[in-house]
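Q: Below: one structure in structure tokens.
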Amino acid sequence: ASFGFRDVPAAEKAGMVREVFASVAPRYDLMNDLMSGGVHRLWKNAMVDVVNPRPGEKLLDVAGGTGDIAFRLLRRQGERPDVTICDINPAMLEVGRDRAVDRGLLRGLTWATGDAERLPFPDRSFDAYTIAFGLRNVTDIDQALRDAYRVLKPGGRFFCLEFSKVTSAPVGRVYDAYSERALPFFGRVIARDADSYRYLHESIRRFPPQRELAARMRAAGFENVSWRDMSLGVVALHQGWRI
Ligand code: SAM
């Protein structure tokens, strides 16, 4: 498949995203380590530090893929873990489930196939909602934010970890060169799928920068919205509350 991503109608984006993640699922974890030099682990640890889940809280990790965030949340919850992992792509969930079995992490984990725009959960179900490197793949971000708000209990918190806008111009130039040249290279050599990684680069470029995402969270109903940059804004962690 060829993903010339410019000016793609929304309806087609969902199909592309499905193909990209079905195609990279078996090598997804290796690719993350190689492309980020392992730093994605630090970003994810930092996210879970901020979420700081308490035992017994009901947690939802959307676009949870192969379980990276969910496993961290689960460990942090210690006794009485309760983490639901939801992803639109069964191939990613399958890899995640295998990893959970390998690590002996099954108690307290629930798996669900579902779309972030129409989550298969009742209103006011969760104490915290996390989405890491997922929101930029969703076709209608605002709809996903509204649905996140819907499934949170009053007092519940929303967290989004996502590639964002680099805050330093020189670092930004290095980063752009890296994403334009190195990502398709990694895609070709390791995932054997340069198009998928071209798609990733394009989706990162198009994602709303920090301030705009915060505004769109507020428009979806969230309050006390804030964010913190990581690695000079290569990634940002946004959070908001359903009051
Ligand atoms: N959260 C994991 C992590 O941080 O490693 C996985 C991130 S991966 C880059 C993006 C995931 O989003 C994929 O597993 C993909 O299937 C999922 N995804 C894409 N569109 C989605 C949607 N509309 N609803 C739910 N999940 C979606």
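Read-outs: derived from the displayed coordinates by stated rules, not from any lab. Nothing here was measured: the structure is a model prediction, and the numbers come from that model. Here the Cβ positions follow ideal geometry from the backbone for every residue, glycine too, while neighbour counts run over all protein chains shown.
Q: What FRET efficiency do you get for Val50 and Asp140 if R0 is 35 Å and r is their Cβ-Cβ distance, rounded to the nearest 0.05?
A: Numbers: r = 26 Å, r/R0 = 0.74.
Efficiency for this residue pair is about 0.85.
Q: Identify all lysines with a Cα-Cα distance to Lys153 below 20 Å; exclude those on the same chain that are fewer than 8 residues away in sequence.
A: Lys58
Q: So, one more: Under 8 Å for C-alpha pairs, at least 6 residues apart: give me the relative contact order for the chain, rounded to a whole percent. Before the final figure, lay out each step's value.
A: Numbers: 426 pairs, mean separation 47.7, N = 243.
Value for the chain: 20 percent.
Q: Of the DSSP beta bridges with both residues in the chain, give the percent that are antiparallel, rounding to the nearest 5.
A: Here the antiparallel bridges make up roughly 40 percent for the chain.
Q: What's the long-distance tail for segment 203-243, i.e. % of Cα pairs beyond 15 Å? Could you put the intermediate results ahead of the total?
A: Details: 325 of 820 pairs.
Considering segment 203-243, 40 percent of its Cα-Cα pairs are separated by more than 15 Å.
Q: Let me know the Kirkwood hydrodynamic radius for segment 56-127, please, with Cα pairs as the basis and the value in Å to one decimal.
A: On the way: mean 1/r = 0.0827 Å⁻¹.
Radius from the Kirkwood sum: 12.1 Å.
Q: Then there's this: Would you mind putting 168-180, 15-27 in packing order, based on average other-beta-carbon counts within 10 Å, highest first? Please report the intermediate quantities before stating the final value.
A: Details: 168-180: 12.6, 15-27: 18.2.
Result, highest mean first: 15-27, 168-180.
Q: Which ³J(HN,Hα) values, rounded to whole Hz and listed in residue order, are derived for segment 230-243 from phi using the Karplus coefficients 6.51, -1.76 and 1.60 in 6.51 cos²θ - 1.76 cosθ + 1.60 with θ = phi - 60°, glycine and proline given as x?
A: Values per residue, Gly and Pro as x: 10, 6, 6, x, 3, 10, 10, 10, 9, 9, x, 10, 8, 8 Hz.
Q: Note down the Stokes-Einstein diffusion coefficient of segment 9-91 in µm²/s, whole number, using a Kirkwood radius over alpha carbon pairs, 25 °C, and 0.890 mPa s.
A: On the way: Rh = 14.1 Å.
Stokes-Einstein gives a translational diffusion coefficient of 174 µm²/s.
Q: How many nm separate the modelled label positions at Glu79 and Ala10, each set 7 Å beyond the Cα in the direction of the Cβ?
A: Simple spin-label model gives 4.7 nm for this pair.
Q: How many angstrom lie between the C-alpha centres of segment 41-98 and segment 187-208?
A: Going from one Cα centre to the other spans 24 Å.
Q: Calculate the radius of gyration of the Cα atoms of the chain to one decimal place, then report Dmax, the largest Cα-Cα distance, as a whole number, both in Å.
A: When restricted to Cα atoms, the chain yields Rg and Dmax of 17.0, 48 Å.
Q: Then there is this: Each residue of segment 58-75 in order: what ³J(HN,Hα) in whole Hz does its phi give by Karplus 6.51 cos²θ - 1.76 cosθ + 1.60, θ = phi - 60°, with x for Gly and Pro?
A: 9, 10, 10, 10, 9, 6, x, x, 8, x, 3, 6, 4, 5, 5, 4, 4, 5
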